[in-house]
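Notes for the one structure printed next.
The values are calculated or read from the model by the stated rules, or taken from the named source; none is laboratory data. Since we're looking at a predicted model, the values are computed, not measured. Note: ideal-geometry Cβ built from the backbone for every residue, glycine included; neighbour counts use all protein chains shown.
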Amino acid sequence: MLTVLLVLLGFFAGLLGAMTGIGGGVLLSPILALHFGIPIREAIGTSLVAVITTSAASSSVHLQRHTTDIRLGMTLELATSLGAAVTAYLVGYFNRNVLEGLFAGFLLYSSITILLRGGKIRNEEVAEVNGDGETVIPPYEPQRYPLGLGASLFAGGLSGLLGIGGGPIKVPVMYIFMNVPLMVATATSNFMIGVTAAASAIVYYRRGDILVGLAAPLAVGVFLGSLLGARLAPRIHTKYVVYLLVAIMLYLAGHLFVHLLTGKAA
Amino acid sequence: MSQLREPAFDRVVALVLRVGAFGCFFIMLAGLLMGLFVDSHVPGDIERAGVLLMLATPVVRVLVAGVLFLREKDWKYGAISFGVLAILLLGAVFGIGEH
């Protein structure tokens with residue numbers, strides 16, 4: 001029964017994630033912590049497996065469209081994986097309340113950012129298509145590597161701390177500061193998430209913070225959900241889905257705060 | 001110069017990720033289904049294998065890309081790839097913060 005529930009939860013998170021561009025990891029860890037009684041650190045470690053699954057599946061699609069800059073991604077991964085591994089170690093010394101507080105703060109911050117942008121999570125860029133139906137990417141040369149590496153270190157650190165992908169940090173940095181076309185920035189960020197999450201997941205796993213019995217059904221659900229979400233995304237008004245996501249995020253943030261203050265789930 | 005457009009390179013890396021994602025999906029699914037009918041440690045072991053393979057997929061992806069760079073005599077990005085690999089493996093070797 002628990003297994004079925006976890007597959008459904010993963011499916012739902014993967015579906016929302018693929019339709020909105022915000023990874024499922026943001027939802028999975030607080031739900032595991034609040035509704036399944038899993039300590040937040042184990043919840044974060046467990047949902048990292050689902051984050052890797054999503055990244056691997058979606059980035060193989062981007063790669064086949066040739067929109068991923070593997071060299072840029074690999075370079076920035078030096079910073080994201082270092083940041084992720086370091087914070088994953090540090091998390092071992094954090095107590096539960098600090099993690100729950102940070103997570104609640106992150107959910108609140110993300111929700112407000114999305115609302116201020118009027119429900120838009122990413123800037124849409126219309127891809128140019130040539131006569132053969134292939135996407136055309138204008139020539140570019142990534143710039144300001146030090147800035148990109150610094151931001152990647154931060155994004156990786158956040159990923160190792162909270163078990164999230166960190167796309168909302170990397171994509172704007174590559175696009176605005178590094179002069180990378182948006183489509184390439186999105187694909188490359190997605191490409192980097194798997195390695196970044198693996199860098200911290202390995203540390204979580206060694207510490208015993210990945211609960212295999214929960215991770216497997218979640219990953220199975222997330223895999224199916226993101227496959228379906230990617231197909232549905234072009235046909236559905238994502239704006240309403242985004243507001244649904246924000247509502248869930250705000251609910252989880254509030255619930256985490258209550259949990260912190262009272263020491264028990266509301 | 002754009003750094004994109006190396007179709008063969010992209011295809012190989014995509015293949016690694018695809019095999020990892022689909023492979024792990026089916027392995028974990030097999031473990032889950034078996035768990036419904038079999039009461040032993042075997043389904044749990046299968047699920048664990050799926051999870052570990054999932055953790056290994058990005059590591060293999062970095063290794064494969066690194067080897068491809070070296071074969072192209074692209075020493076700079078070959079070195080960067082093996083740097084990333086080193087960071088990933090350090091996490092597997094040193095279990096600081098264990099309890």
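Mind checking whether some residue in region B:10-17 is facing another protein chain (nearest Cβ under 8 Å), surrounded by fewer than 18 Cβ atoms within 10 Å (Cβ to Cβ) and either farther than 22 Å from A:Gly208 by Cα or at pLDDT 95 or above (or both)? Within region B:10-17, one or more residues are facing another protein chain (nearest Cβ under 8 Å), surrounded by fewer than 18 Cβ atoms within 10 Å (Cβ to Cβ) and either farther than 22 Å from A:Gly208 by Cα or at pLDDT 95 or above (or both). Picking from residues in region B:19-28 that are aliphatic (A, V, I, L, M) and farther than 8 Å from B:Glu47 by Cα, the one that is nearest to the other protein chains (Cβ to nearest Cβ) is B:Ala21.
Taking the listed residues A:Met183, A:Met178, the one that is within 13 Å of chain B (Cβ to nearest Cβ) and touching a strand residue (DSSP E or B) at 6+ places or on another chain (Cβ under 8 Å) is A:Met183, with no other qualifying. Scanning region A:1-21 for residues that are surrounded by fewer than 24 Cβ atoms within 10 Å (Cβ to Cβ) and under 17 Å from A:Gly163 (Cβ atoms) gives a single hit, A:Leu16. Do we have A:Ala33 as touching a Gly at 6+ places or on another chain (Cβ under 9 Å) and either polar (S, T, N, Q) or more than 7 Å from chain B (Cβ to nearest Cβ) (or both) here? So A:Ala33 does not fit the description; no. Residues considered: A:Gly105, A:Gly10. Of these, the only one that is out of contact with any helix residue (DSSP H, G or I) (no Cβ under 7 Å at 6 or more places or on another chain) and at pLDDT 90 or above is A:Gly105. Residues to consider are A:Ala247, A:Ala185, A:Ala219, A:Ala198; find the one that is aliphatic (A, V, I, L, M) and surrounded by fewer than 20 Cβ atoms within 10 Å (Cβ to Cβ). When all the criteria are applied, what remains is A:Ala247. The residue that is farthest from A:His62 (Cα to Cα), counting only those in region A:222-242 that are of a type in the set (Ser, Thr, Tyr) and surrounded by 14 or more Cβ atoms within 10 Å (Cβ to Cβ), is A:Thr238. Can you work out which of the residues in region B:49-99 that are under 18 Å from B:Met28 (Cβ atoms) and without any contact (Cβ under 8 Å) to a residue 12 or more places away in the chain is farthest from the other protein chains (Cβ to nearest Cβ)? Among them, the one singled out is B:Leu52.
Checking the stated criteria, A:Glu77 turns out not to satisfy the condition of being surrounded by fewer than 22 Cβ atoms within 10 Å (Cβ to Cβ) and among the acidic types (Asp, Glu). Does A:Asn190 satisfy the condition of being surrounded by fewer than 21 Cβ atoms within 10 Å (Cβ to Cβ) and under 23 Å from A:Ala155 (Cβ atoms)? Judged against the criteria, A:Asn190 is not a match.
Check A:Val61, A:Val86, A:Val98, A:Val26 and return the single one that is away from every other protein chain (no Cβ under 12 Å), surrounded by fewer than 22 Cβ atoms within 10 Å (Cβ to Cβ) and in a helix (DSSP H, G or I). It would help to see each step written out before you state the result.
Values: A:Val61 fails: away from every other protein chain (no Cβ under 12 Å); A:Val86 fails: away from every other protein chain (no Cβ under 12 Å); A:Val26 fails: surrounded by fewer than 22 Cβ atoms within 10 Å (Cβ to Cβ).
Going through A:Val61, A:Val86, A:Val98, A:Val26 in turn, the sole match is A:Val98.
Here the condition is being within 16 Å of the chain's Cα centre (by Cα), at pLDDT below 95 and at the interface with another protein chain (Cβ under 10 Å from one of its Cβ atoms); of A:Val222, A:Val203, it holds for A:Val222 alone.
Here B:Val59 does not fit the description of being surrounded by fewer than 19 Cβ atoms within 10 Å (Cβ to Cβ) and closer than 27 Å to A:Leu182 by Cα.
In region A:244-266, the residue that is farthest from the chain's Cα centre (by Cα) out of those that are modelled with pLDDT of 90 or more, among the small types (Gly, Ala, Ser) and within 19 Å of A:Val98 (Cα to Cα) is A:Gly254. Residues that are assigned to a helix (DSSP H, G or I) and in contact (Cβ under 8 Å) with a residue 12 or more places away in the chain within region A:64-83 comprise A:Ile70, A:Leu72, A:Gly73, A:Thr75, A:Leu76, A:Glu77, A:Leu78, A:Ala79, A:Thr80, A:Ser81, A:Leu82, A:Gly83, listed in sequence order.
Of all residues in region A:18-67, those satisfying the criterion of being more than 16 Å from the chain's Cα centre (by Cα), β-branched (Val, Ile, Thr) and at pLDDT 90 or above are A:Ile38, A:Ile40.
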